[in-house]
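The values are calculated or read from the model by the stated rules, or taken from the named source; none is laboratory data. None of the values given here were measured: they were computed from a predicted structure. Neighbour counts run over all protein chains shown; Cβ positions are idealised from the backbone, glycine included.
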Amino acid sequence: MRSGEPPVRADAALAALQRAIDGRLLPFRLACLLYDAVAAPAPAADRGAIADRIGAADLGRLIARLRAQLSPPGAPAGWGEPRIGQVLRDRFVLDAEIGQGGMGAVYRAIDRRRQELDTLSPFVAIKMLAPRWAGDRTAMRALEAEARHTQALRHPNIVAVHDFDRDGADAFIVMENLVGHALDVMLDRYPGFAGSALARATLTQLLDGLAAAHARGVIHADLKPSNLFICTDGDLKILDFGIAAILWEGGADSAIGRAITPAYVSPERLSGQPQTLRDDVYALGCLIHLFLTGRHPFARLDAREARRRGCVPMPITGVSDAINALVARALSFDPAARPINACEVQAGIRFP
């Protein structure tokens, strides 16, 4: 080896890292940072030590450990691999997968324009259809409808959508990047959340956001725990606004319709009747129980099965009789007995 050349073992590590970058095995920025750290010039006296410490096999084990730690609990094998590192519109670099749904995934992405402007955070969230839905007109319309409805609402408790775009066959929406947990994760990881002051505060925000949408006649149509995000600063954001309204056109029994979660769907929608604001009110009744008790009022039975069994939700402790009566109305299997919209529910729920 000539003087000044990097050690062979470090060269092998760099090659392994390059393969990790090319194969999108790690978030783009993390892989590049590791590459820079390994490739950084070192004093001659230290090069032998670096060569002793770093090898391709060592790096492979490190990458495997990092991927395992970065994957969310319960993530399927191969989670996040296909698109990490992909660049959309020569602007958005997909950095990490942060969520999955029935039709696609949400990625954290680096916005190169924000990066060039040296903004406080260069990150946005990108929602993309899964490859199997690429070119599906109903799925494309659903994604575009979500962007359009959400942009029109513009409320602090509804996730901000910046744009809807396409890059080749990939349709995507650009949203604000959120840091925190969805309601289902909060309930699973933090047993003390249900009924807490934070739960009541975030429930109030849910009522505010949904009432604002209903005041404009906009139906969510797929309210459920995974579509409610609680940020680290205590703000609640409603996600996926309007997407299910289009999905249901395919029918509840279609492949796309199965992206909807039946446990939060009203009995009339499950029977194929036209959607109304009262569908959201039924889901809201279920969610109020989750926020305040940590339990679904009908043990996650869908509404038709709960009605068949004659299920009645247990009263919520720690709230007034008036609130319990209002929530019971929201959960009625008869749509005519429910409050007409979230505005009526919001007006009747006040916490001390």
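Could you please let me know if Val345 is in a helix (DSSP H, G or I), in contact with a His (Cβ under 8 Å, 6 or more places away or on another chain), on the phi < 0 side of the Ramachandran plot and at pLDDT 95 or above?
The answer is no for Val345.
Restricting to region 112-132, name every residue that is touching a residue at least 40 places away in the same chain (Cβ under 8 Å) and either outside any loop (DSSP other than H, G, I, E, B) or buried (at least 19 other Cβ atoms within 10 Å of the Cβ) (or both).
Phe123, Val124, Ala125, Ile126, Lys127, Met128, Leu129, Pro131
Does region 238-256 contain at least one residue that is buried (at least 18 other Cβ atoms within 10 Å of the Cβ) and modelled with pLDDT of 95 or more?
Checking region 238-256: at least one residue is buried (at least 18 other Cβ atoms within 10 Å of the Cβ) and modelled with pLDDT of 95 or more.
Determine, yes or no, whether Thr317 is surrounded by fewer than 16 Cβ atoms within 10 Å (Cβ to Cβ) and of a type in the set (Val, Ile, Thr). First the steps, then the outcome.
Working: surrounded by fewer than 16 Cβ atoms within 10 Å (Cβ to Cβ): yes; of a type in the set (Val, Ile, Thr): yes.
For Thr317, the condition - surrounded by fewer than 16 Cβ atoms within 10 Å (Cβ to Cβ) and of a type in the set (Val, Ile, Thr) - is met.
If I ask for residues that are assigned to a helix (DSSP H, G or I) and either in contact (Cβ under 8 Å) with a residue 60 or more places away in the chain or more than 14 Å from Leu270 (Cβ to Cβ) (or both), which ones from region 287-305 would you list?
Leu287, Ile288, His289, Leu290, Phe291, Leu292, Thr293
Looking at region 273-308, which of its residues are of a type in the set (A, V, I, L, M, F, W, C) and closer than 13 Å to Ala263 by Cβ?
Ala283, Cys286, Leu287, Leu290, Phe298, Ala299, Leu301, Ala303, Ala306
Consider Arg329 carefully, then state whether it is buried (at least 23 other Cβ atoms within 10 Å of the Cβ), without any contact (Cβ under 8 Å) to a residue 60 or more places away in the chain, assigned to a helix (DSSP H, G or I) and in contact with a helix residue (DSSP H, G or I) (Cβ under 7 Å, 6 or more places away or on another chain).
no
Could you identify the single residue in Ser196, Ser226 that is within 28 Å of Arg137 (Cα to Cα) and assigned by TED's automatic domain parsing to the domain that holds Ala283?
Ser226
State the number of residues belonging to region 141-154 that are within 18 Å of the chain's Cα centre (by Cα) and either without any contact (Cβ under 8 Å) to a residue 40 or more places away in the chain or surrounded by 19 or more Cβ atoms within 10 Å (Cβ to Cβ) (or both).
8
Please determine, by comparing only the residues of region 203-223 that are of a type outside the set (A, V, I, L, M) and out of contact with any Asp or Glu (no Cβ under 8 Å at 6 or more places or on another chain), which one is farthest from Pro297 (Cα to Cα).
If we take residues in region 203-223 being of a type outside the set (A, V, I, L, M) and out of contact with any Asp or Glu (no Cβ under 8 Å at 6 or more places or on another chain), then Arg216 is farthest from Pro297 (Cα to Cα).
Can you tell which of Gly85, Gly104, Gly99 is in contact with a Phe, Trp or Tyr (Cβ under 6 Å, 6 or more places away or on another chain), at pLDDT 75 or above and not aromatic (Phe, Trp, Tyr)? Please lay out each step first, then the result.
Values: Gly104 fails: in contact with a Phe, Trp or Tyr (Cβ under 6 Å, 6 or more places away or on another chain); Gly99 fails: in contact with a Phe, Trp or Tyr (Cβ under 6 Å, 6 or more places away or on another chain).
When all the criteria are applied, what remains is Gly85.
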